[in-house]
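Chemist: The following block contains the structure, expressed as structure tokens.
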Amino acid sequence: MRRTELKQDLLTSVHFLFPSVCMLCGRVLVKGRNCGEELLKLQVCSSCLSQFPVRLSTERWFPCLSDPFEEDPIPDMSVWALFHYETPVSTLLRRMKFHSKKYCGSLIGELIGREFPTEVPFRWDAVIPVPLSEKRREERGFNQAEVLAKGLSEHLGVPLCNNVIRKIRHTKQQSRFTEPAQRTGNVKGAFAVDEKWDITGWNILLVDDILTTGATMHEAAKILYENGACRVFGAVAATHRENDEE
């Protein structure tokens, strides 16, 4: 009992000396005042969380490609997006990708995991992040898609498989291209399934940070289907696109 009390006293002292602060506005988080237990864990205050541009539940599914073509081998692929690509989500994603703020991605990954639909007429076999090239991963120190995928994996209770897909050649950043055809050409043939994996019959949730034209996710999904996957759906943090069914 004494050891438990000492541990609690120590934790109280640590929280007093080094209080948790909201990662967005910097305000001290006080349970019961500006956050609850769950928000305290996420390190965000209720005021900032209320500003997240969450999409309506009926406006979260999109066709993978913004510019579909007739010969598409996977024309029915759908991608789920939780947020509009607006502040503060866009700010957090940029901090994560370009300023090595991995914790920003952990917050968004946790929110994605909590909101992603759990009732599907099949069983997920794997959550797979879209990979980076070795060069890009070394530059950033981590793969942002892996950070986001972790939250989904934990909440769905589905294995996170980071090494199923490899990026076999370095590509220019997709943001440098404005035309869908340019983006498609940039990533064509960029992915391969690692030969150690047999994904025949798998139902896969493919994860990335942003959906723009869908070229990157489409190319990664195509290689999964070519290696025997049964179903591939996508999940991203945010998209610029509006729901096509409006």
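Each reported figure results from applying straightforward, stated rules to the coordinates on display, with no laboratory input. Keep in mind that what you see is a predicted model, and the values were worked out from it rather than measured. Note that each Cβ is placed from the backbone with ideal geometry, even for glycine, and that neighbours are counted across all protein chains shown.
Chemist: About its Cα centre, how strong a charge dipole does the chain have in debye, to the nearest 20, once Lys and Arg get +1 and Asp and Glu get -1 at the Cβ?
Modeler: 1400 debye
Chemist: Determine the sum of side-chain charges near residue 237: Lys and Arg each +1, Asp and Glu each -1, restricted to other residues whose C-beta is under 9 angstrom from that of residue 237.
Modeler: Here the charged neighbours net out to -2.
Chemist: When 102, 135, 196, 97 are ordered from fewest to most other Cβ atoms inside 10 Å of their Cβ, what list results?
Modeler: Final ranking by Cβ density, sparse to dense: 196, 135, 102, 97.
Chemist: Excluding residue 102 itself, what net charge comes from residues whose Cβ is under 11 Å from its Cβ, given Lys and Arg +1 and Asp and Glu -1?
Modeler: Here the count lands on +4.
Chemist: In a shell of Cβ-Cβ distance under 9 Å around residue 131, excluding residue 131 itself, what net charge do Lys and Arg (+1) and Asp and Glu (-1) give?
Modeler: +2
Chemist: To test your reading of the geometry: what angle, between 0 and 90 degrees and rounded to tens, separates the Cα axis of helix 215-226 from the longest principal axis of the chain?
Modeler: Tilt relative to the chain: about 70 degrees.
Chemist: Residue 140 versus residue 99, label points 7 Å from Cα toward the beta carbon: distance in nm?
Modeler: 1.6 nm
Chemist: What ranking do 152, 24, 56 get, fewest neighbouring Cβ atoms within 10 angstrom at the top?
Modeler: Lowest to highest Cβ neighbour count: 56, 24, 152.
Chemist: Once both axes come from the Cα atoms, what is the angle between helix 2-17 and the longest principal axis of the chain, in degrees from 0 to 90, rounded to 10?
Modeler: The answer is roughly 80 degrees.
Chemist: Considering the chain, what Rg and Dmax in Å follow from its alpha-carbon atoms?
Modeler: Gyration radius and largest Cα-Cα distance of the chain: 19.6, 71 Å.
Chemist: Taking the Cα centre as origin and putting +1 on Lys and Arg beta-carbons and -1 on Asp and Glu beta-carbons, what dipole magnitude results for segment 162-228, to the nearest 20 debye?
Modeler: 300 debye
Chemist: Another question, then. Antiparallel DSSP bridges in the chain: what percent, to the nearest 5?
Modeler: Roughly 30 percent of the beta bridges in the chain run antiparallel, per DSSP.
Chemist: What length, rounded to one decimal in nm, is gained on full extension from residue 25 through to residue 123, with 0.36 nm per residue of separation minus their alpha-carbon distance?
Modeler: 31.3 nm
Chemist: Roughly what % of Cα-Cα distances in segment 72-196 sit above 21 Å, to the whole percent?
Modeler: 48 percent
Chemist: Along the charge dipole of the chain, Cβ charges K/R +1 and D/E -1, which of 96, 161, 75 sits furthest on the positive end?
Modeler: In the chain, that residue is 96.
Chemist: Measure nothing fancy, just the Cα-based angle from helix 144-156's long axis to the longest principal axis of the chain, in degrees from 0 to 90, nearest 10.
Modeler: Taking the Cα atoms of the chain, the angle to 144-156 is about 70 degrees.
Chemist: Can I ask one more? For segment 125-244, divide the Cα radius of gyration by the Kirkwood radius and give the resulting Rg/Rh value with two decimals.
Modeler: For segment 125-244, the value is 0.94.
Chemist: Which whole-number percentage describes the relative contact order of the chain, with Cα contacts under 8 Å and a sequence gap of 6 or more?
Modeler: 20 percent
Chemist: Let me ask you something else. Going by C-beta contacts inside 10 Å, put 99, 84 in order with the fewest on the left.
Modeler: 99, 84
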